[in-house]
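Peer 1: After the C-alpha cells below, expect a handful of questions from me.
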Amino acid sequence: MTLPADLPVVDHHCHLSPGGEGVEAARRFQRQGGTHLFLTTHNWNHRPLRSVDDYQTQFEEIEELGRRIRADTHVATSLVVAPYPVDLLETSDALGLGEAVEVQMQSLDLAGRWIREHRAVALGEVGWPHFPIPEDRQKAARQVFQHALEVARDVGCPAVVHSGDLTAEGYAAMAGLAHAAGLSPERVIKHYARTYLPRDERSGITPSFLARREAFAEALADGGPWFLETDFLDDPRRPGAVLDIATVPRRAAWIARERPELLDRLRIPFVESVRKVYGFTPERAPEESR
Ligand SMILES: [Zn+2]
C-alpha cells in the first residue's frame with residue numbers, strides 16, 4: 001500500500017544551514033515522500049551572537065533558505081525562530097551575563113514581531129541548556145525562558161522548548177510555568193522527546209518525539225497532540241545527526257507497507273496536531289501526489 005495522496009508528511013523539527021546541505025537536504029526529504037518541514041533557526045556559524053542584529057541576520061538567512069526550498073522543491077516550510085538557549089553561555093563569555101540576558105530578551109521580542117508579521121509560526125528553540133551549568137546562569141536561563149513564554153502568550157503562538165529529558169514531574173513543572181505565564185500547556189512543545197510518555201504523564205504539554213522506531217511505535221496509539229521530528233542538524237561537522245532528514249518519510253512509508261491498518265493514525269502528527277497547536281492545516285498540493 002502507498003500513502004494516501006492527501007496525507008502530508010511533516011518533520012516538525014529540523015535545522016538546515018546556509019553552509020550545509022540546505023536545499024539538497026529538502027530535496028532528499030521530498031524524494032522519500034516528505035512534504036512539510038518546520039525549519040528551526042540555530043547558530044550555524046559557531047560564533048557567539050553578540051546583538052539583536054546578529055539574530056536578525058540569522059533569522060533572515062533561514063528565511064532566505066526557506067524561500068529557496070519553496071522555489072526549488074515542492075516542500076513547504078514553516079519557520080521557527082528564537083535565540084537558541086545554549087547561545088546564552090557563549091554570549092555571556094563574550095559580553096557578561098547581564099548583557100547576554102538582555103540580548104536574548106530583545107531577540108525574543110524580535111522573534112515575536114516576526115510571528116506577528118507571519119514570517120514565522122512559533123518561537124523556538126527556547127528553554128535552557130540540557131547540561132549542568134553554574135547557578136547564576138541557570139537562573140538567567142530560567143528568566144529568559146519565562147520571557148519567551150510571555151512573548152508566546154502575547155503573540156499567540158506555540159513555544160518549542162529545548163531542555164533535558166523530562167519525566168512526568170518535569171512535564172508538570174513545565175506546565176506550571178506555562179500556566180503562570182498565561183499560556184496553554186498544549187502550545188508548549190517539548191522538542192527532542194526521546195522516550196514515549198503517555199498522555200496522562202505529560203500535564204498537557206505537547207511532545208515532539210524523535211522519530212526513532214520505538215517511540216514512534218508507542219506514539220501511534222496516542223490520541224495526541226504529538227509530533228515527529230528528526231532534529232536533523234545539517235552540520236558538516238556532525239553528518240547525519242541527530243536523525244537523517246529522510247527519517248520521517250521513511251517511517252511513514254514503513255507504515256504504508258507493513259502496517260496499513262495504522263495509516264490513519266499518521267493524521268495525528270501530520271495534520272490534526274498541527275491544526276490544534278499551530279492553527280493551520282498542512283496540505284498537499286495536488287501535483288505532488290504520488
Ligand atoms: Zn533542534
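The values are calculated or read from the model by the stated rules, or taken from the named source; none is laboratory data. Worth saying up front: this structure is predicted, and the values here are computed from it rather than measured. Neighbour counts are summed over all protein chains in view; Cβ atoms, including those assigned to glycine, are modelled from backbone coordinates with ideal geometry. What goes into the accessible areas is simple: the full protein's heavy atoms, side chains included, and nothing from ligands, DNA or RNA. Shrake-Rupley method; radii C 1.70, N 1.55, O 1.52, S 1.80 Å.
Peer 1: At 0.36 nm per residue, and after removing the present C-alpha to C-alpha distance, how many nm does the segment from Ala180 to Ala71 gain when stretched out fully?
Peer 2: Numbers: separation 109, 0.36 × 109 = 39.24 nm, distance 4.16 nm.
Full extension from Ala180 to Ala71 adds 35.1 nm.
Peer 1: Going by amide H atoms built from the backbone, whose H comes under 5 Å of the H on His13, apart from near neighbours?
Peer 2: Phe38, Thr230, Asp231
Peer 1: Here is a further query. Counting Lys +1, Arg +1, Asp -1, Glu -1, what net charge surrounds Thr206 among other residues with beta carbon under 13 Å of its beta carbon?
Peer 2: On the way: positive: Arg187, Lys190, Arg199, Arg202, Arg275, Lys276; negative: Glu186, Asp222, Glu229, Glu272.
Summing Lys and Arg as +1 and Asp and Glu as -1 gives +2.
Peer 1: Continuing with this model, one more query. With springs only between Cα atoms under 10 Å, which of Arg212, Arg68, Arg47 fluctuates most in a Gaussian network model of the chain?
Peer 2: With Cα springs under 10 Å in the chain, the top fluctuation among Arg212, Arg68, Arg47 is at Arg47.
Peer 1: First select every other residue whose beta carbon is under 10 angstrom from the beta carbon of Ala100; then total the charges, Lys and Arg +1, Asp and Glu -1. Each step should come with its number before you reach the end.
Peer 2: Working: positive: Arg50, Arg137; negative: Asp87, Glu90, Asp93, Glu99, Glu102.
My count for the surroundings of Ala100 gives -3.
Peer 1: Mind telling me which of Ala122, Ala25, Ala180 comes out most flexible in a GNM of the chain, alpha-carbon contacts under 10 Å?
Peer 2: It is Ala180.
Peer 1: Once you keep just the Cα pairs under 8 angstrom separated by 6 or more residues, what percentage relative contact order results for the chain? Don't skip to the answer; put the middle values down first.
Peer 2: On the way: 564 pairs, mean separation 64.5, N = 290.
In percent, rounded to a whole number, it is 22.
Peer 1: Remind me, relative contact order of segment 38-183 in percent, using alpha carbon pairs under 8 angstrom and six or more residues apart? The partial results should precede the final answer.
Peer 2: Numbers: 213 pairs, mean separation 33.7, N = 146.
Computed value for segment 38-183: 23 percent relative contact order.
Peer 1: For Ala122, list long-range residues whose amide hydrogen, built 1.01 Å from N in the peptide plane, is under 5 Å from its own amide hydrogen.
Peer 2: Sorted by chain and number, the residues that satisfy this are Val81.
Peer 1: Short version: ³J(HN,Hα) in whole Hz for each residue of segment 3-12, in order, from phi by Karplus 6.51 cos²θ - 1.76 cosθ + 1.60 (θ = phi - 60°), x for Gly and Pro, what are they?
Peer 2: Computed from phi, the couplings for segment 3-12 are 6, x, 4, 9, 8, x, 10, 10, 9, 7 Hz.
Peer 1: Just to verify a number: what accessible area does Thr247 come out at with the full protein assembly present, 1.4 Å probe, Å² rounded to tens?
Peer 2: 10
Peer 1: Let me ask something else about it. Enumerate the calculated ³J(HN,Hα) couplings along segment 127-137 in order (Karplus 6.51 cos²θ - 1.76 cosθ + 1.60, θ = phi - 60°), each rounded to whole Hz, writing x wherever the residue is Gly or Pro.
Peer 2: x, 8, x, 8, 10, x, 9, x, 3, 5, 6
Peer 1: What spacing in nm lies between the two simple spin-label points modelled at Ala221 and Arg142, each 7 Å away from Cα in the Cβ direction?
Peer 2: Result for the modelled spin labels: 3.7 nm.
Peer 1: Let me ask something else about it. Can you give the three extents of the C-alpha atoms in the chain along their principal axes, from longest to shortest, in whole Å?
Peer 2: 57, 42, 34
Peer 1: Another question about this same structure. So what are the radius of gyration and Dmax for the Cα set of segment 1-121, in Å?
Peer 2: Looking at segment 1-121, its Cα Rg and Dmax stand at 16.1, 58 Å.
Peer 1: Run lengths n ≥ 4 of DSSP H only: what is the helix-derived mean residue ellipticity at 222 nm for the chain, with -39500 (n - 2.57) per run over all residues, to the nearest 500? Walk me through the numbers on the way to the answer.
Peer 2: Numbers: 9 runs with 119 residues, N = 290.
Calculated from helices alone, the mean residue ellipticity at 222 nm is -13000 deg cm²/dmol.
Peer 1: Now, a different point. Convex hull over the alpha-carbon atoms of segment 140-255: what's its volume per residue in Å³? Each step should come with its number before you reach the end.
Peer 2: Numbers: hull volume 13.8 nm³, N = 116.
Measuring per residue, one finds 119 Å³ for the Cα hull of segment 140-255.
Peer 1: Something else now. Measuring from label point to label point, each 7 Å out along Cα→Cβ, what is the Thr57 to Ala253 span in nm?
Peer 2: Taking the simple label geometry, Thr57 and Ala253 are separated by 3.9 nm.
Peer 1: Here is a follow-up. ³J(HN,Hα) across segment 146-163 via Karplus (A = 6.51, B = -1.76, C = 1.60, θ = phi - 60°), whole Hz, x for Gly/Pro?
Peer 2: 4, 5, 4, 5, 5, 5, 4, 4, 5, 8, x, 9, x, 10, 9, 9, 9, 7
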